[in-house]
Amino acid sequence: MSKIDPDKPLPEITSREIVAKSNLFRVEGIDLEFSNGAKRRFERMAGSGRGAVMIIPFINPETFLLVREYAAGTHSYQIGFPKGLIDPDEKPEQAAGRELQEEVGYAANSLSLLHSVSMAPTFFNANMDIFIASDLYPSSLPGDEPEPLEVIEWSIHDIPALLARDDFTEARSIAALLLAERSLAAKSHAETSSTEGTGNR
């Protein structure tokens, strides 16, 4: 197995230009020169630079909330976690709290960063912060969805059934679910170990 070289220099961007643009996307062409002298042109989706958030809201320790909404890319209704772009001058935690109120009608007394992920980094410059929200209380804000989102309660003990659904396929939601499951298992193990240690004194 080859070793990772942490000091390997990035390719030099020698020029860049916007080659296509729509209301939602900008495609950027970049000319690159690699450290071995190779030259290539790549095209990439230019992100907004603001980033996005996804929230896993726990209505109680064993039940989380999902939303069902229309997905134009696949022309279908899909189940996933609430998410959205970070507004200008907004911190990720603020965006997570706002999206939670807009999409599921709850605010959270506790928001903790679970992980940060990227989407198709080979050609797309977009990052997403995933939060776990707990200690929820009813609170709504108007959103920009064309129709009300269906909010679904799901047991943390029934993850295999969720993963088996053909309308739960969005990669970031699946990653968020598995990361949350792992985090909760580690927390439960730590609490059990702590309790056992106390009992042995």
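The values are calculated or read from the model by the stated rules, or taken from the named source; none is laboratory data. Since we're looking at a predicted model, the values are computed, not measured. Neighbour counts run over all protein chains shown; Cβ positions are idealised from the backbone, glycine included.
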*Return yes or no: is Ser110 under 18 Å from the mean Cα position of the chain (by Cα), part of a strand (DSSP E or B), of a type in the set (Ser, Thr, Tyr) and under 30 Å from Lys8 (Cβ atoms)?*
no
_Output for the stretch 122-134, where each listed residue is part of a strand (DSSP E or B) and either outside the structural domain of Lys91 (by TED's automatic domain parsing) or loosely packed, with under 13 Cβ neighbours inside 10 Å (or both)_ = none
*Can you give me the number of residues within the stretch 37-69 that are closer than 22 Å to Asn23 by Cβ, assigned to a loop (DSSP other than H, G, I, E, B) and not basic (Lys, Arg)?*
5
*Quick one: in the stretch 136-161, of everything that is in a loop (DSSP other than H, G, I, E, B) and hydrophobic (A, V, I, L, M, F, W, C), which residue is farthest from the chain's Cα centre (by Cα)?*
Leu141
*What tally of residues in the stretch 70-105 results from selecting those that are assigned to a strand (DSSP E or B) and either surrounded by fewer than 17 Cβ atoms within 10 Å (Cβ to Cβ) or touching a Ser or Thr at 6+ places or on another chain (Cβ under 6 Å) (or both)?*
6
*Among the numbered criteria (1) over 30 Å from Ala185 (Cα atoms); (2) modelled with pLDDT under 95, which single criterion is violated by Ser140?*
(2)
*Going through the stretch 2-13 one residue at a time, which ones are in contact (Cβ under 8 Å) with a residue 24 or more places away in the chain and surrounded by 10 or more Cβ atoms within 10 Å (Cβ to Cβ)?*
Pro11
*Confirm whether Glu103 is in the same structural domain as Ser173 (by TED's automatic domain parsing), out of contact with any Lys or Arg (no Cβ under 7 Å at 6 or more places or on another chain) and not β-branched (Val, Ile, Thr).*
yes
*Looking for whichever is surrounded by fewer than 11 Cβ atoms within 10 Å (Cβ to Cβ), at pLDDT 95 or above, in a loop (DSSP other than H, G, I, E, B) and over 17 Å from the mean Cα position of the chain (by Cα) here; the options are Arg201, Arg165. Which one fits?*
Arg165
*asked:* Contact list please: Cβ distance under 7 Å, first residue in the stretch 87-111 and acidic (Asp, Glu), second residue part of a helix (DSSP H, G or I) and at pLDDT 95 or above, pairs at least six apart or on different chains.
replied: Asp87/Ala95
